[in-house]
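The structure that follows is given in the form of structure tokens.
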Protein chains: 2
Amino acid sequence: MNPAISRLKPYAFTQLRARQDALRAQGVRLINFGVGDPEDETPAFIRDAIVKGITPSGRYPTAAGLPELRQAVAAWIGRRYGVRADPERHVLPSNGAKEAIWNLTPLLLDDPSQRTSRQLVAIPELAYQVYGDSVTMHHAEVFPMPLGPDWLPDLNAITPEVGERLALLWLNFPNNPTGAVAPLSYYRDALALAERYGFCVASDEAYSELWYDGSGAAGAAGPGVQGAPGSLLQAAAPDFHNAVAVNTLSKRSNMTAYRSGFIAGDPDLIRVMKDVRPRIGVATPEFIQRASVAAWNDETHVEAQRARYAERRRLFLDLFARKGIQVEASQAAFYLWARVPQRFGPSSMSGASSASSGDSFAFAEYLMDNGVIVLPGGFMGERGRDYFRLAFVPSLDTCREAVEILERVL
Amino acid sequence: MNPAISRLKPYAFTQLRARQDALRAQGVRLINFGVGDPEDETPAFIRDAIVKGITPSGRYPTAAGLPELRQAVAAWIGRRYGVRADPERHVLPSNGAKEAIWNLTPLLLDDPSQRTSRQLVAIPELAYQVYGDSVTMHHAEVFPMPLGPDWLPDLNAITPEVGERLALLWLNFPNNPTGAVAPLSYYRDALALAERYGFCVASDEAYSELWYDGSGAAGAAGPGVQGAPGSLLQAAAPDFHNAVAVNTLSKRSNMTAYRSGFIAGDPDLIRVMKDVRPRIGVATPEFIQRASVAAWNDETHVEAQRARYAERRRLFLDLFARKGIQVEASQAAFYLWARVPQRFGPSSMSGASSASSGDSFAFAEYLMDNGVIVLPGGFMGERGRDYFRLAFVPSLDTCREAVEILERVL
């Protein structure tokens with residue numbers, strides 16, 4: 001067996017779901033703000049589009065996808081970011097963001113038997129696990145990017161010694177878990193480093209459409225929709241050199257169940273993907289592509305979804321303000337990233353002997369005992385140990401129910 | 001970029017489809033027996049099941065799949081092969097056979113920086129391109145298995161020096177391109193070698209359900225359905241040690257458009273896949289899983305499909321007998337593997353100066369000029385240069401039309 005397998009950390013979401021299923025099986029009523037899985041309905045017109053797409057005869061889908069889908073994505077990029085993407089040279093469909101992330105890394109790594117080669121991938125120290133897992137499985141090395149006080153990865157960490165060995169830098173804004181948003185100048189700085197050292201910048205923009213008025217997202221605005229978070233694609237336009245962005249319909253259109261997203265950017269990289277991806281079995285079924293065309297072509301349902309999240313977010317922001325719980329970053333995405341109150345330290349909750357501030361695991365345990373699940377920041381990495389992530393994905397009524405509980409127990 | 005990318009051969013099916021699309025765009029009427037893509041309808045009850053599976057709310061599918069799907073697959077394995085598979089320990093769903101094949105190899109390779117490690121994958125010299133492409137992309141080495149006169153890979157090629165370095169041996173029966181079927185004794189011999197040297201045997205059984213009375217498939221029968229081709233799983237039962245089989249609904253149920261299959265076998269390997277696969281983004285959408293449950297639970301539509309293929313197959317067998325074209329192997333699958341007649345040698349067709357027998361490229365060119373596409377055997381490798389593969393997937397009427405053409409031009 002591949003020895004890299006034993007170096008993978010347990011997969012967080014599998015663990016979380018198993019734990020939650022076990023508790024539910026015991027009859028425990030749990031309100032889950034732990035997992036970032038949208039719970040709202042997929043809009044009816046999208047479901048209609050997939051049903052219409054199921055035809056008596058079908059064929060093997062192509063990795064390049066339907067021209068209609070590439071065109072819909074390119075048009076969306078144009079409207080949203082105010083930059084021109086060519087459906088043939090700059091865009092490919094993916095089976096959601098995860099496979100796109102997993103399969104990007106091995107394209108950029110040098111031969112691992114050549115120790116002088118580019119075998120380093122820079123990843124924010126708190127990040128979605130799949131970035132690093134793909135690096136580990138492909139025998140390369142993760143370079144953890146320290147987060148600054150604004151929760152943005154500190155680009156100064158890319159010294160010449162690091163830069164020369166770097167194959168890829170992963171960025172992720174709006175961020176999971178912190179909800180942080182980066183200004184366009186940040187993307188420009190990252191691309192300047194990429195140009196200097198010859199690496200690629202990949203941007204996971206899965207949460208790009210979940211932003212809120214007055215949330216600070218406006219600080220990131222470039223061309224395109226005003227007040228919305230920016231994209232690596234804006235900073236990399238018009239040629240998208242060294243840049244690739246990944247997005248998905250999972251969050252934007254409540255389509256986690258469909259596995260549909262896109263990869264856009266550097267035409268040389270897209271060309272290589274058009275060559276490699278037909279071999280790896282990630283072509284998206286055409287009926288899912290038809291539903292995806294409908295979803296990218298419509299913004300009304302996205303605005304409605306943003307409004308739903310904004311209402312839930314407000315509930316928790318108000319609660320945390322009343323309780324003196326400090327919220328940081330959290331400008332966008334459906335996450336609030338907040339500091340664990342000091343009184344929920346490990347000394348009082350789980351018997352550990354030393355702790356100067358609240359411990360996220362003890363805090364999450366305490367909340368779970370009271371029927372509310374949040375993600376302990378320590379789960380994402382050491383830098384998150386004093387924080388927790390609350391995903392405001394349950395319905396407004398359920399959020400209100402949770403706020404009542406938290407009002408009592410916090 | 002990964003230097004392995006430049007070592008990949010152009011992807012055959014992408015090339016073929018592009019060429020065919022180009023000709024069609026020019027208004028050329030082409031009957032396509034070149035690509036093994038089923039053209040018959042997906043049965044209505046399967047389409048009903050997917051439509052019912054599209055619910056207002058969905059969630060991220062798990063890589064382990066729905067328990068109902070694992071149970072349906074395990075029950076199917078029991079009925080079909082007469083062996084007991086545990087839905088929890090022996091079975092996982094996949095997004096069709098291709099991704100299962102692509103993603104299996106890296107699990108079994110050792111660290112490529114350790115040159116003494118297992119970095120060799122044995123693949124039949126004529127084979128589906130994806131086996132080898134995954135090996136190349138993961139920096140390992142293909143060991144081509146020579147084919148014997150019966151078109152089965154010669155297991156004697158696995159000498160001690162090869163066996164010690166082997167991570168994986170790929171088998172594929174019923175075979176693409178030859179339609180050959182292996183007896184159970186062959187699988188047993190392969191597993192004995194696997195046990196001696198400590199490698200894994202993987203069996204791509206995508207065509208297992210396409211067999212014909214009196215076709216010789218009966219020679220492979222073990223427990224389970226009589227007269228049908230055998231499976232590695234029968235030879236590896238009850239513990240499936242060192243053995244993994246891949247199957248798909250693409251051919252059996254005309255579901256290429258759906259991307260749904262399974263991986264079954266060695267419980268240690270399945271356990272590792274349950275750990276790794278949630279990270280790689282290949283979880284099958286649940287509505288597709290629902291349709292898959294319906295498909296694995298029904299055999300009536302498979303019998304009807306076999307009967308359709310048998311009728312088309314007979315047309316071409318009769319034609320080739322009349323024309324003195326020698327058919328070899330071709331016991332199962334929807335392929336006929338036949339020798340190019342000597343008079344279609346390259347010297348007369350494409351101007352090449354030396355050839356003692358018919359050349360498959362020249363022959364295929366000649367047929368295409370006459371509106372019939374077949375796959376030149378040389379496309380699959382040197383060993384196939386005097387053969388052609390005819391995939392009898394078009395409708396009976398279209399097959400009759402082609403037979404009329406071939407009656408004239410052969």
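Of all residues being of a type in the set (Phe, Trp, Tyr) and not in a helix (DSSP H, G or I) in segment A:170-189, which is surrounded by the fewest Cβ atoms within 10 Å (Cβ to Cβ)? Just the residue, please.
That would be A:Trp170.
Considering segment A:82-95 alone, what residues qualify as being under 24 Å from the mean Cα position of the chain (by Cα) and more than 9 Å from every other protein chain (Cβ to nearest Cβ)?
The answer is A:Gly82, A:Val83, A:Arg84, A:Ala85, A:Pro87, A:His90, A:Val91, A:Leu92, A:Pro93.
For segment A:278-295, how many residues meet the condition of being closer than 10 Å to A:Asn95 by Cα, within 8 Å of chain B (Cβ to nearest Cβ) and of a type in the set (Val, Ile, Thr)?
The qualifying residues number 2.
Also, quick follow-up: Here are B:Ala25, B:Ala49, B:Ala64, B:Ala74: which of them is in the same structural domain as B:Ser292 (by TED's automatic domain parsing), over 22 Å from the mean Cα position of the chain (by Cα) and over 24 Å from A:Val51 (Cα atoms)?
From the options B:Ala25, B:Ala49, B:Ala64, B:Ala74, the qualifying one is B:Ala64.
Scan segment B:297-319 and tell me whether some residue there is in contact (Cβ under 8 Å) with a residue 12 or more places away in the chain, within 30 Å of B:Leu108 (Cα to Cα) and either within 14 Å of chain A (Cβ to nearest Cβ) or among the aromatic types (Phe, Trp, Tyr) (or both).
No - not one qualifying residue is present in segment B:297-319.
Continuing with this model, one more query. Contact list please: Cβ distance under 6 Å, first residue in segment B:176-205 and under 24 Å from B:Asp268 (Cα atoms), second residue in a loop (DSSP other than H, G, I, E, B) and aliphatic (A, V, I, L, M), pairs at least six apart or on different chains.
B:Leu193/B:Ile158
Out of segment B:35-70, which residues are among the hydroxyl-bearing types (Ser, Thr, Tyr) and under 30 Å from B:Asp21 (Cα atoms)?
Scanning segment B:35-70 gives a single hit, B:Thr42.
So, one more: Going through segment A:104-120 one residue at a time, which ones are facing another protein chain (nearest Cβ under 8 Å) and either touching a residue at least 12 places away in the same chain (Cβ under 8 Å) or crowded, with 22+ Cβ neighbours inside 10 Å (or both)?
A:Pro106, A:Leu107, A:Leu108, A:Leu109, A:Asp110, A:Pro112
Looking for whichever is surrounded by 22 or more Cβ atoms within 10 Å (Cβ to Cβ), in contact with a Leu (Cβ under 9 Å, 6 or more places away or on another chain) and farther than 14 Å from B:Ala202 by Cβ here; the options are B:Pro93, B:Pro153, B:Pro124. Which one fits? Steps first, answer last, please.
On the way: B:Pro153 fails: farther than 14 Å from B:Ala202 by Cβ; B:Pro124 fails: farther than 14 Å from B:Ala202 by Cβ.
After ruling out the rest, the residue left standing is B:Pro93.
Moving on to the next point. Return the residue satisfying two criteria in turn: it lies in segment B:139-150 and is within 14 Å of another protein chain (Cβ to nearest Cβ) and buried (at least 20 other Cβ atoms within 10 Å of the Cβ), and of such residues it is nearest to B:Trp337 (Cα to Cα).
B:Ala140
I would also like to ask the following. Restricting to segment B:3-21, and then to whatever is within 8 Å of another protein chain (Cβ to nearest Cβ) and at pLDDT below 70, can you tell me which residue is nearest to B:Tyr131 (Cα to Cα)?
If we take residues in segment B:3-21 being within 8 Å of another protein chain (Cβ to nearest Cβ) and at pLDDT below 70, then B:Phe13 is nearest to B:Tyr131 (Cα to Cα).
All but one of (1) over 15 Å from the mean Cα position of the chain (by Cα); (2) closer than 26 Å to A:Ala332 by Cα; (3) at the interface with another protein chain (Cβ under 8 Å from one of its Cβ atoms) hold for A:Ala100; which doesn't?
(1)
Go through (1) under 18 Å from the mean Cα position of the chain (by Cα); (2) within 14 Å of another protein chain (Cβ to nearest Cβ); (3) β-branched (Val, Ile, Thr) and name the single condition A:Thr136 misses.
Of (1) under 18 Å from the mean Cα position of the chain (by Cα); (2) within 14 Å of another protein chain (Cβ to nearest Cβ); (3) β-branched (Val, Ile, Thr), only one is false for A:Thr136: (1).
Then there's this: Conditions: (1) facing chain A (nearest Cβ under 8 Å); (2) without any contact (Cβ under 8 Å) to a residue 60 or more places away in the chain; (3) surrounded by 21 or more Cβ atoms within 10 Å (Cβ to Cβ). B:Asp275 meets all but one. Number of the miss?
It is condition (3) that B:Asp275 fails.
Just the residues that are at the interface with another protein chain (Cβ under 7 Å from one of its Cβ atoms), surrounded by 19 or more Cβ atoms within 10 Å (Cβ to Cβ) and outside any loop (DSSP other than H, G, I, E, B), please, taken from segment B:50-61.
Passing the criteria: only B:Ile50.
OK, next. Where residues in segment B:27-44 are among the small types (Gly, Ala, Ser) and touching a residue at least 24 places away in the same chain (Cβ under 8 Å), which of them is nearest to the other protein chains (Cβ to nearest Cβ)?
B:Gly36
From the list A:Glu164, A:Glu195, exactly one residue is acidic (Asp, Glu), more than 21 Å from the chain's Cα centre (by Cα) and at pLDDT 95 or above. Which is it? I'd like the intermediate steps shown before the answer.
On the way: A:Glu164 fails: at pLDDT 95 or above.
Exactly one of A:Glu164, A:Glu195 is acidic (Asp, Glu), more than 21 Å from the chain's Cα centre (by Cα) and at pLDDT 95 or above, namely A:Glu195.
Determine which member of the set A:Ala180, A:Ala257 is closer than 28 Å to A:His301 by Cβ and within 14 Å of another protein chain (Cβ to nearest Cβ).
A:Ala257
Further question on the same structure: If a residue counts only when it is small (Gly, Ala, Ser), which helices (runs of 4 or more DSSP H) contained entirely in segment A:252-348 have at least 3 such residues?
So the answer is A:286-296, A:300-323.
Do any residues in segment B:366-382 that are free of Cβ contacts under 8 Å to residues at least 60 places away in the same chain have Cβ atoms under 8 Å from those of residues that are in a strand (DSSP E or B) and among the β-branched types (Val, Ile, Thr), where the two are at least six apart or on different chains, and which pairs are they?
B:Leu367/B:Ile373
Counting only residues that are touching a residue at least 24 places away in the same chain (Cβ under 8 Å) and surrounded by fewer than 18 Cβ atoms within 10 Å (Cβ to Cβ), how many does segment A:323-338 have?
2
If the requirement is being in contact (Cβ under 8 Å) with a residue 12 or more places away in the chain and at the interface with chain A (Cβ under 10 Å from one of its Cβ atoms), which of these qualifies: B:Arg47, B:Arg79?
On inspection, the qualifying residue turns out to be B:Arg47.
To continue, here is another question. Just the residues that are part of a helix (DSSP H, G or I) and basic (Lys, Arg), please, taken from segment B:62-116. Outline the logic, then answer.
Step one: of segment B:62-116, the residues part of a helix (DSSP H, G or I) are B:67-81, B:96-108.
B:Arg70, B:Arg79, B:Arg80, B:Lys98, listed by residue number.
Would you please name the residue that is farthest from B:Pro3 (Cα to Cα), looking only at residues in segment B:125-169 that are assigned to a loop (DSSP other than H, G, I, E, B) and in contact with a Gly (Cβ under 6 Å, 6 or more places away or on another chain)?
Restricting to residues being assigned to a loop (DSSP other than H, G, I, E, B) and in contact with a Gly (Cβ under 6 Å, 6 or more places away or on another chain), the top hit is B:Asp154.
Now a separate question. Can you tell me which residues in segment B:32-46 are under 15 Å from the mean Cα position of the chain (by Cα) and among the hydrophobic types (A, V, I, L, M, F, W, C)?
Matches in segment B:32-46: B:Val35 only.
Next question. Is one or more of the residues making up segment B:111-129 within 20 Å of the chain's Cα centre (by Cα), at pLDDT 95 or above and under 19 Å from B:Phe287 (Cα atoms)?
No, every residue in segment B:111-129 fails to be within 20 Å of the chain's Cα centre (by Cα), at pLDDT 95 or above and under 19 Å from B:Phe287 (Cα atoms).
The values are calculated or read from the model by the stated rules, or taken from the named source; none is laboratory data. Note that this is a predicted model, so its numbers are computed, not measured. Backbone-built Cβ (ideal geometry, glycine too); neighbour counts: all protein chains shown.
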